[in-house]
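The values are calculated or read from the model by the stated rules, or taken from the named source; none is laboratory data. Every value quoted in this text rests on a predicted model; they were computed, and no experiment measured them. When we count neighbours, we look across all protein chains shown, and the Cβ atoms used for this are built from the backbone with ideal geometry, even at glycine.
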């Protein structure tokens, strides 16, 4: 998973470098698209969390045929969900970017990028859900290789569509979106081949309603919880936009640099989830407890290492990406503050993914809502009024500390006290109906 996520985040960072060579307005427009991209990807990720939670517990309980049926239904549900999202969001892009603070040419650039990017979203979503389902079955290698393939294609195609080749003059920012679309379409066919090769799919709509209910029992709260992150990012972007397009560009650049090291703890938390789900389904409480504990230790250790690396190397990386001093200063400020929370973010991600794997989606949703409404928003506003641009991120860091402590404590109590083999509320309802 680290291999795959390194490739994906490298593609995002290299795309940012490509766009920075075109101009500050294009880089700012890319920054304004970041919350929308996160929002749509988080919706898909929430669905994949629900599906993989159900599948992993089926595998742990040795019910493979049921797992394969749920996998097939999950992919169908993904197509329907993404279609609805595109229909709802695409006609309102100008209004959305205006709310975020983009105006004039920057707004037009952002809208043009997203209109093309939407063409690749269904293929990206199916690949994301497919990756989670493969991991839930225990195949952790194939998703990493396929993620690397898609990212590599995006890196190679990017310069061709952005800057041009031969008689083709290039499309600028829109070319970056086009490279994303083609890379994800090609990658999707490889995912489809692997699913077919491994005989993972069972093409049947029998039991689709029951599968949908069980997937969304975990998936809907996970989607709601995942939406809170992009909503918070949207709010932060709006605050940052008050300082001008150059600061938004620096914010966007720094976020992608930080992500290069943060992805290690994302890979860890994504790997913890199927491990926890399978072992819980098999009744191995001690393995679940031990895995979560080691995950937390690693996350905190990696967070300290990542901050040291960014502190030393980020000035050089920023200098390579931009020669605009305002953009560079904003990026440096971000990278002095926000990466301090990488380890805390890892503890929180491990806990939330473990809750979902156990079939308990409400604790992550509750903590996400409290984090946004009671901590991040008020603390970011307070920090902005006291310390300006830097204060926005100081407020977010304090918020992460409190949520990480709450997530750690809540999960420990759940693992200790939850009866093994306990059923979700949906399963209890189904059992009552059968009786």
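How many residues are touching a residue at least 40 places away in the same chain (Cβ under 8 Å), in a helix (DSSP H, G or I) and over 20 Å from the mean Cα position of the chain (by Cα) when one looks only at the stretch 155-175?
Of the stretch 155-175, the ones touching a residue at least 40 places away in the same chain (Cβ under 8 Å) are 155, 158-159, 162-163, 172-174.
Within this subset, residues satisfying the condition of being in a helix (DSSP H, G or I) are 155, 158-159, 162-163, 173-174.
Restricting the remaining residues to those that are over 20 Å from the mean Cα position of the chain (by Cα) gives 158-159, 162-163, 173-174.
The number of residues fulfilling the criteria is 6.
Taking first residues from the stretch 130-154 that are on the phi > 0 side of the Ramachandran plot and modelled with pLDDT under 85 and partners that are in a helix (DSSP H, G or I) and surrounded by fewer than 23 Cβ atoms within 10 Å (Cβ to Cβ), the Cβ contacts under 8 Å between residues at least 6 apart in sequence or on separate chains come to 138/59. Do we have residue 122 as assigned to a helix (DSSP H, G or I), buried (at least 23 other Cβ atoms within 10 Å of the Cβ) and touching a residue at least 24 places away in the same chain (Cβ under 8 Å) here? In short, no.
Of all the listed residues (11, 102, 110), the sole one being more than 25 Å from residue 222 (Cα to Cα), at pLDDT 85 or above and either buried (at least 17 other Cβ atoms within 10 Å of the Cβ) or out of contact with any helix residue (DSSP H, G or I) (no Cβ under 6 Å at 6 or more places or on another chain) (or both) is 110.
Can residue 205 be described as within 16 Å of the chain's Cα centre (by Cα) and over 21 Å from residue 45 (Cα atoms)? When the stated conditions are applied, residue 205 does not pass them. Among the residues of the stretch 412-423, are any within 30 Å of residue 210 (Cα to Cα) and either surrounded by 16 or more Cβ atoms within 10 Å (Cβ to Cβ) or modelled with pLDDT of 90 or more (or both)? Yes; the residues of the stretch 412-423 include at least one that is within 30 Å of residue 210 (Cα to Cα) and either surrounded by 16 or more Cβ atoms within 10 Å (Cβ to Cβ) or modelled with pLDDT of 90 or more (or both). Criterion applied to 401, 344 was being closer than 18 Å to residue 265 by Cβ, touching a helix residue (DSSP H, G or I) at 6+ places or on another chain (Cβ under 7 Å), surrounded by fewer than 23 Cβ atoms within 10 Å (Cβ to Cβ) and modelled with pLDDT of 90 or more, and the one residue passing it is 401. For the stretch 348-365, the condition holds for no residue, the condition being that it is assigned to a helix (DSSP H, G or I), in contact with a helix residue (DSSP H, G or I) (Cβ under 9 Å, 6 or more places away or on another chain) and over 20 Å from residue 52 (Cα atoms).
Would you mind finding the one in 319, 330, 308, 291 that is surrounded by 23 or more Cβ atoms within 10 Å (Cβ to Cβ), over 17 Å from the mean Cα position of the chain (by Cα) and at negative phi?
On the way: 319 fails: surrounded by 23 or more Cβ atoms within 10 Å (Cβ to Cβ); 308 fails: surrounded by 23 or more Cβ atoms within 10 Å (Cβ to Cβ); 291 fails: surrounded by 23 or more Cβ atoms within 10 Å (Cβ to Cβ).
Exactly one residue qualifies, and that residue is 330.
Summed over the stretch 243-273, the residues that are part of a helix (DSSP H, G or I), more than 17 Å from the chain's Cα centre (by Cα) and over 18 Å from residue 310 (Cβ atoms) give a count of 5. Cβ-Cβ contacts under 8 Å between residues 6 or more apart (or on different chains), taken from a first residue in the stretch 79-103 that is in contact (Cβ under 8 Å) with a residue 24 or more places away in the chain to a second residue that is part of a helix (DSSP H, G or I) and surrounded by fewer than 13 Cβ atoms within 10 Å (Cβ to Cβ), are absent.
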